[in-house]
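Structure, as structure tokens:
Values in this text are rule-based calculations from the coordinates and carry no lab data. Values in this document were obtained by computation on a predicted structure and should not be read as measured data. Quick reminder, even Gly has a Cβ in these numbers, built from the backbone with ideal geometry, and neighbours come from all protein chains shown.
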């Protein structure tokens, strides 16, 4: 069954499954595993207006139900992306969402300004606010509602739809979501990784070169669902992209029931690069089994009395 497209502000997605930033490279790498045009969109890894080397190794560590990563946003920068990676994504036919980051408000603004030059090739910009803020005692932007709003305002220069990617590592999540929405973000992506660490019991030392890393995968999923539910309850009209431990069609559906309009798949691709298309097919099968003809019937259903209301 062909279901209606999903509106994320001014962006229309033909399907509710996207790739998540940071786990699929710049995206075109996956086109040999499945047609990227068959999913909602490809979200690139986060890039700054400058080249960045990332964190010292080791950078990845498996956990019982997920993984820790401390890659540190390594990348060649926006100019390199535009020259080398964007043409490949364009060739794949994917809908392209570019993730940006920075150490300062001006860093974000410069990245957005550079992307404005190729705005006709980009559907939206996901503003990764879960980055260290060098002007704010190294705290994350997304832990400060006012700073997060200022970043979004600075990125409006691109004249492209903005999605704000937020952190679960704060009790101010709803306040930050409200602030970025008021500042001009058309949607929020919930959530980035949770901060964690692991220690080698033979050496007694942290296993990651950066000591701490981001916890993703199945272990993150219940936290992400809770965050989505709370933001949706507080802000009924905001558009939400769910992310965090989506490993199957059912876990994608769970995020949508909590309040997500669409869902991003990340860590699952490490085990299976075809995970996004497989999860999309599973989600469609789940929807058919529940007599769902429109994705809006799923989004936020847990706030409307559950799925039973579909057949009332």
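Structural remarks
- The label point for residue 74 and the one for residue 294, both projected 7 Å from the Cα toward the Cβ, are 4.7 nm apart.
- Residue 157 paired with residue 1, simple spin-label distance in nm, labels 7 Å along Cα-to-beta-carbon: 4.7 nm
- Overall form of region 205-262 per C-alpha gyration tensor (a/c, 1.5; a/b vs b/c): prolate
- At an R0 of 41 angstrom, the distance between the Cβ atoms of residue 285 and residue 120 translates into a FRET efficiency of 0.70.
- Remark: relative contact order (the chain) = 18 percent; criterion is Cα-Cα distance under 8 angstrom and separation of 6 or more residues.
- Cα gyration tensor shape of the chain, rounded if a/c is under 1.5, else prolate or oblate by comparing a/b with b/c: rounded
- Note on residue 203 and residue 37: the extension gain reaches 55.1 nm, defined as 0.36 nm multiplied by sequence separation minus the Cα-Cα distance.
- The chain, helix-only ellipticity at 222 nm - DSSP H runs n ≥ 4, -39,500 (n - 2.57), divided by all residues, nearest 500: -8000 deg cm²/dmol
- With a simple spin-label model that places each label point 7 Å from the Cα along the Cα-to-Cβ direction, the separation between residue 172 and residue 29 comes to 3.4 nm.
- Cα-based shape type of region 55-156, given that a ≥ b ≥ c are square roots of the gyration tensor eigenvalues and the cut on a/c is 1.5: oblate
- Cβ-derived FRET efficiency at R0 41 Å, residue 308 paired with residue 90, nearest 0.05: 0.40
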